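Any read-out appearing in this document is the output of simple, stated calculations on the displayed coordinates, not a laboratory observation. Everything numeric here is computed off the predicted structure, so don't read it as measured data. No Cβ is skipped: glycine too gets one built from the backbone with ideal geometry, and neighbour counts run over all protein chains shown.
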Amino acid sequence: MTMLSSERQPAAYEMVRAEDVHKHFGHVEVLKGISMVVHRGDTVVIIGPSGSGKTTFLRCLNHLEKISSGRIYIDGHLIGYRQEGDRLVEESERVIARQRAEIGMVFQRFNLFPHLTALENVIEAPIHVRRMPRAQAEEQAMELLRKVGLADKAHAYPHRLSGGQQQRVAIARALAMNPKLMLFDEATSALDPELVGEVLKVMRQLADEGMTMVVVTHEMGFAREVADRIIFMDYGVIVEEGPPEQIFNEPRHERTRAFLSMIL
Amino acid sequence: MFDWSQVWKYLFSGVMLQGAWVTLWISVVSQALGVILGTLLAIMRISRNPILNLPARFYIWIFRGSPLLVQLLILYEGLPQLRIPLLTFTALEAAILGLSLNEAAYMAEIVRAGILSVDPGQMEAAKSLGMTYSLAMRRIILPQAARVVVPPLGNEFNNMLKSSSLVSFLGVVELTRTAELYGAPTFSVLELLIAATFWYLIMTTIWGYVQNLIERNLDVDRKQSAPFSGGWLQRFTGFGARRAPKVPVPAAGSLTGTH
């Protein structure tokens, strides 16, 4: 994976650009100036202790959290706000919804719609947000469910599926909107250990197919093997970033070393 | 003196049945309108936008904080004083309007509780897929809230059947008014009121059974069912809904590792 990234064309496109992003919740500043870039096709993995702000930052990328200052660009478009003169004004709900439709998100607790079957979960957004005809949506959905290995569970309700299966359906559901970018918020943290592998396998497959991904995770094996770049965050700042070999084998910062020694 | 034969005479008489019917249909209509308006109010109440939030809270405060009877009287006897044609109602109009508006305030709190009971992750997932708030509400949140709303809604209807008796004050000829109308001139006030009581009991008791059936159908305690999909009727009653096939719950100690 890392060999491939160095052979990338020079005209690599910035899929994500964050500029000096700050976020506070009340008096507590959770993000203290995050700046980073994700190129098209890259998989960036964010690691760090809990409370470091990594999940908050991820949720800022699709405006599930509103940033307090700074800018976030996804595929060249300013997210959540528009420029009016020299001020930033929050976008209308419609515009934000459309922006979010291009970004897929997978949650720690799956958040499948329990009143819909797996298939219905996957076709829901394409039909009601993109106005796709039902037959086409179903065809696409079956293809995606096949891809994540759950075609036979298309008519099952979420409560009948294991955690790993639910998460894979959630991935299919996010992919159904044809996103340019996929965000993974500790996608395997709520899974029993024996189910983690099947989800990581799907994520890896996506990365190999060239999806741009930002992954917040504690799975260091996955990070080491699949990431093009690792970002280590702590206390709301990016402490260090670089390719996996550097971060895991020769971390430059003491805090990085301390964190890694605790979990590896 | 008391005369049982009077009770029997009027119990199944045309006028009594008519009165019971009026009680029933204005209760159903008012409850339905109350649910619709109440849902709208609940959504407004949840909103962080003060333009929506404050009027909703004000409405709920007024209609829950003052007596239903007074509200009915204002609609029927008070408003005409303003001489505004649009605000002058017949007894029946005032009755249904008053019952609905009042009920909406109570339903608002019930529906709000239902909406809040839905995991916040659901709205987040919906939003992350590009749904607007209202689309997510309609397709994802409210259908799930419905399950929580059903038991208290059943109780509200039980109350509605009884509080509908207040519209007798407006002259609407429902069950209570019927009893009064026919009791006085025949000197059998008690007998007629007993007959009316009988009909109220029949209606609330039958509703109690129906409510029980619906709640068991919906498996409100979620002992072993999937949520219901289908239209709103299916969602609220469980009848005619598509439901996942039941897998027998394995006995303790016999769980295999398959999933």
Exercise. Quick one: give the max-minus-min coordinate of the C-alpha atoms of segment B:61-216 along each principal axis, largest first, in Å.
Key: 69, 45, 21
Self-check item: Globularity index of the protein assembly as shown, i.e. its alpha-carbon radius of gyration over 2.2 N^0.38 Å
Solution: 1.27
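Can you give the net charge of the other residues whose Cβ lies under 9 Å from the Cβ of A:Glu124, counting K and R as +1 and D and E as -1? Before the final figure, lay out the partial values.
On the way: positive: A:Arg173, B:Arg139; negative: A:Glu120.
Local charge sum for A:Glu124: +1.
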Self-check item: Counting DSSP beta bridges with both ends in the protein assembly as shown, the antiparallel % (nearest 5)
Solution: 60
Quiz item: At q = 0.11, 0.14, 0.17 Å⁻¹, what base-10 log of I(q)/I(0) does the Debye formula yield for chain A when every alpha carbon is treated as an equal point scatterer in vacuo?
Solution: -0.62, -1.01, -1.40
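Give the order of A:Val239, B:Val167, B:Val210, A:Val199 when sorted by the count of other beta carbons within 10 angstrom, beginning with the fewest.
Details: A:Val239 18, B:Val167 28, B:Val210 13, A:Val199 25.
With the fewest neighbours first, A:Val239, B:Val167, B:Val210, A:Val199 line up as B:Val210, A:Val239, A:Val199, B:Val167.
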Practice problem: At 0.36 nm per residue, minus the direct Cα-Cα distance, what do B:Arg216 and B:Ser66 gain on full extension? Give it in nm, one decimal, please. | Solution: 50.5 nm
Quiz item: Pick from A:Pro243, A:Pro114, A:Pro126: which is most flexible by mean-square fluctuation in a GNM of chain A where alpha carbon atoms under 10 Å apart are linked?
Solution: A:Pro114
Practice problem: Take every residue in peptide A:63-71, count the Cβ atoms of other chains within 10 Å of its Cβ, and give the average of those counts. | Solution: 1
Quiz prompt | Projected label distance in nm at B:Leu17 and B:Ala184, using a 7 Å step from Cα toward the beta-carbon | solution = 2.7
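Evaluate peptide A:111-119: per residue, the Cβ atoms of other protein chains within 10 Å of its Cβ; return the mean as an integer.
Values: counts 10, 3, 11, 10, 13, 5, 4, 0, 0.
Across A:111-119, the average partner-chain Cβ count within 10 Å equals 6.
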